[in-house]
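To start, the structure itself, in structure tokens.
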Amino acid sequence: MTDRTQNVEPDASRRPASGVSRRDFLKTVGAGGVVLAAGTGLAPAEARAAVRTSAHIVIVGAGAGGITAAAKLNRWLDGARLTIIDSRRTHVYQPGLTLVANGIYQRDEVLADNADYIPGEVNWIQADAAEFDPEASTVVTSTGQRVGYDYLIVATGCHLDFAAIEGMETRLIGREGIGSTYYGPDGAHATYLMSEKFIETGGTALFTIPATPLKCAGAPVKAAFLTESRMREAGTRGKGEYLYLASSGSLFGQPDFRDIVRNLFEEKDIHYDYFHVLKAIDPGARTATFSTQTGEDTYKYDYIHVVPPMRAPDAVLNSPLAWQEGNFASGGWMEVDKHTLQHRRYPNVFGCGDVVGTPVGKTAASVKYQAPIAAENLVALIADKAFEGHYNGYTSCPLVTGLGTAALAEFNYDFELTPTFPLIDETRESWIWWRFKVSLFKPYYFSMLRGWIPV
């Protein structure tokens, strides 16, 4: 099997697609200063006077959204009591799971200690939220503790509903030809080992995407691109047939990148079909059954990358905080104003991250905006001032198209492209965005957790 490292570089013949040399690119980034400064922890502190308050603010969730919000509030408030509720001691850098699942990162490279990032002044209750009672401004933990609050930020993340697929169990990941990038570092590593067997022996590979909202909606496409690229690199591409089964009538949400993905699939001989929702899997027979517009289709597979349906965690889904009607009600997603991130019925409650029911925004890049905006508007509420934080739906996906190449999809609620680097064509495959994904986004992310990234 081919050894794969973080230092994969594309063939020189492909580099001109970006139209930018490494030297010119670094000059461009240096002019902005933001990314490299953030990556080294030297981003400038935001200058603002702290608001004096004795309020108790509870943050549920110690993932990217919760810790970033805590860091901002810890800086922007003077005298507040801050509490985080979450049992997880280990922090997972989730954007890196795709790289673990393809042998680019090792498991340990996406792990950190939450204690290193939760501000020391914050009271950390190491339990999970079991119940929300917004009428009484109370959270009940998994240990039965009742925690009252004046203000609440919900950043619980989402629930991976593998059980909604008949026959699918998480213990099967890494066995019977089944992989899933989403199931944590161990699941991602097991996916890598399983996909390596397929790359060696060949056969039919299926790639799925659920019909629900999902975090990192580009990851299913990246799984197909990277597996195909690794197989091509191994010299066994002729042994494999690839089929990507989209749950809707589109391969990607943003129109420009929808066309890019389709063209690349055709170029790489990755077949695709639409309106296929994975309904059941038979690991022993290695078959997968999909609901379609005309009934059901069953496919044989040698390797299948399963992306589970996703929904809000039970504590949110079963609470008054969930949407009661509309597109987000069935998944129990948290009801918020999509711009202010304030709850639409409980004004002392805000949300951020994967749990909120907004049209787009379930990426770490979205959290970079959402968490500070939720925190900023909460501070404005305490100070009895008008909200200035406005989330426009910004999201970003480093769309990895193969080993050593990627494009960068950045867009808003209206699916308008919102490039951070307008001098570079982010829609074209380039080593630049690969290097960003592999080397720069991770230190940027952990600087975000420190509250060092200005919005």
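The values are calculated or read from the model by the stated rules, or taken from the named source; none is laboratory data. Here the structure is a predicted model, which means the values were calculated and not measured. Because the Cβ atoms are built from the backbone with ideal geometry, glycine has one as well, and the counts that use them run over all protein chains shown.
Kindly indicate the residue of the range 388-397 that is surrounded by fewer than 24 Cβ atoms within 10 Å (Cβ to Cβ) and in contact with a helix residue (DSSP H, G or I) (Cβ under 6 Å, 6 or more places away or on another chain) and also farthest from Ile373 (Cα to Cα) among those meeting that condition.
Step by step, filter the range 388-397, then rank; the result is Ser396.
Does the range 104-133 hold any residues that are aliphatic (A, V, I, L, M) and in a helix (DSSP H, G or I), and which are they?
Val110, Ala115
Restricting attention to the range 70-103, report how many residues are among the polar types (S, T, N, Q) and either in a strand (DSSP E or B) or in the same structural domain as Tyr183 (by TED's automatic domain parsing) (or both).
Total meeting the criteria: 2.
Do the conditions hold for Ser195, that is, is it modelled with pLDDT of 95 or more and under 27 Å from Ala312 (Cβ atoms)?
no
Is one or more of the residues making up the range 245-260 free of Cβ contacts under 8 Å to residues at least 24 places away in the same chain and not in a loop (DSSP other than H, G, I, E, B)?
yes
Could you tell me which numbered condition Gly157 fails, if it satisfies all but one of (1) on the phi > 0 side of the Ramachandran plot; (2) surrounded by fewer than 22 Cβ atoms within 10 Å (Cβ to Cβ)?
The number of the failed condition is (2).
Taking the condition within 24 Å of Asp354 (Cα to Cα) and assigned by TED's automatic domain parsing to the domain that holds Val306, does Tyr244 pass? I'd like the intermediate steps shown before the answer.
Working: within 24 Å of Asp354 (Cα to Cα): no; assigned by TED's automatic domain parsing to the domain that holds Val306: yes.
Answer is no for this residue.
Quick one: count up the residues across the range 216-241 that are small (Gly, Ala, Ser), surrounded by fewer than 22 Cβ atoms within 10 Å (Cβ to Cβ) and either part of a helix (DSSP H, G or I) or free of Cβ contacts under 8 Å to residues at least 24 places away in the same chain (or both).
Number of matching residues: 4.
On the given criteria, is Ile453 among the β-branched types (Val, Ile, Thr), in contact with a Leu (Cβ under 8 Å, 6 or more places away or on another chain) and surrounded by 21 or more Cβ atoms within 10 Å (Cβ to Cβ)?
no
Inside the range 94-139, can you point out the residues that are under 26 Å from Glu335 (Cα atoms) and aromatic (Phe, Trp, Tyr)?
Correct list: Trp124, Phe132.
Can you tell me which condition Arg286 does not meet? The list is (1) on the phi < 0 side of the Ramachandran plot; (2) touching a residue at least 60 places away in the same chain (Cβ under 8 Å); (3) not polar (S, T, N, Q), and all the others hold.
All conditions pass for Arg286, except number (1).
How about the range 271-351: which strands (runs of 3 or more DSSP E) wholly inside it have at least 2 residues that are farther than 22 Å from Tyr182 by Cβ?
The qualifying strands (runs of 3 or more DSSP E) are 295-300, 349-351.
Exactly one of (1) closer than 23 Å to Ala223 by Cα; (2) under 17 Å from the mean Cα position of the chain (by Cα); (3) small (Gly, Ala, Ser) is unmet by Gly393. Its number?
It fails just one condition, (1).
Give me a count of the residues in the range 146-175 that are basic (Lys, Arg) and not in a loop (DSSP other than H, G, I, E, B).
Of the range 146-175, the ones basic (Lys, Arg) are 146, 171, 175.
Still in the running and not in a loop (DSSP other than H, G, I, E, B): 146, 171.
Residues in the range 146-175 being basic (Lys, Arg) and not in a loop (DSSP other than H, G, I, E, B): 2 in total.
Output the qualifying pairs, or none if there are none: Cβ atoms under 9 angstrom, residues six or more apart or on different chains, first residue in the range 428-455 and free of Cβ contacts under 8 Å to residues at least 60 places away in the same chain, second residue surrounded by 21 or more Cβ atoms within 10 Å (Cβ to Cβ) and of a type in the set (Asp, Glu).
Cβ pairs passing all conditions: Trp433/Glu426.
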